[in-house]
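Everything on this sheet refers to the single structure shown next.
The values are calculated or read from the model by the stated rules, or taken from the named source; none is laboratory data. Just so we're clear, the structure is a prediction, and the values are computed from it rather than from any experiment. Using ideal geometry, Cβ is built from the backbone for each residue, glycine included, and neighbour counts are taken over all protein chains shown. The accessibility values were calculated without ligands, DNA or RNA, using every heavy atom of the protein model including side chains. Shrake-Rupley method; radii C 1.70, N 1.55, O 1.52, S 1.80 Å.
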Amino acid sequence: QVRLVESGGGLVQAGGSLRLSCAASGNFYRLNRMGWSRQAPGKERELVASITSDDNTNYADSVKGRFTISRDNAKNTIYLQMDTLKPEDTAVYYCTAGVQLTWRPNSRDYWGQGTQVTVSS
């Protein structure tokens, strides 16, 4: 069983910052690409940022220059530093991971339960 547990969400004023964390636990061989997605009310879920096991990163255009994704492989944890937050960043943020359960290269996607981020204007 693999679990992804997010933390760090909350309420912040526009222009402020938050840092999200996502820790993976359970029995697995390797964590491959990990990332953060978000879903605002009435909107589809969108990928915000992702990071590979060797630290290659990708960002949605809407967050480039404001958000930074990082990972600590020793702690099986990823982070999302969110700066210069805007009201349109308000959403539930979900951690996702491509998990390799054994030495075989097959990878399965896992999701966290989500953490609410609310940015007031």
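Here are some notes:
- Report note on the peptides 92-101, 20-29: ranked by the mean count of other C-beta atoms within 10 Å, highest first, their order is 92-101, 20-29.
- Computed extension gain for R19 through S53, at 0.36 nm per residue and net of the alpha carbon distance, reaches 10.2 nm.
- Value in Å of the Kirkwood radius, where the chain supplies the Cα pairs that are averaged: 14.5 Å
- Rounded percent of accessible protein surface that carbon and sulfur make up, the chain, 1.4 Å probe: 45 percent
- DSSP beta bridge pairing in the chain, given as percent antiparallel to the nearest 5: 90 percent
- Take the Cα of W111, go 7 Å toward its beta carbon, and the backbone nitrogen atoms of segment 14-43 under 19 Å from that spot belong to 21-25, 32-43.
- Order of exposure, largest accessible area first, which applies to R30, R38, R104 with probe 1.4 Å: R104, R30, R38
- Based on C-alpha pairs under 8 angstrom that are at least 6 apart in sequence, the chain has a relative contact order of 36 percent.
- Only one residue of V12, S62, A40 has its Cα farthest out toward the positive end of the dipole of the chain, where Lys and Arg carry +1 and Asp and Glu -1 on Cβ, and that residue is A40.
- Label positions at K86 and S120, each projected 7 Å from the Cα along the C-beta direction, are separated by 2.1 nm.
- For segment 16-109, a crude dipole built from +1 on the beta carbon of Lys and Arg and -1 on the beta carbon of Asp and Glu, taken about the Cα centre, is about 220 debye to the nearest 20.
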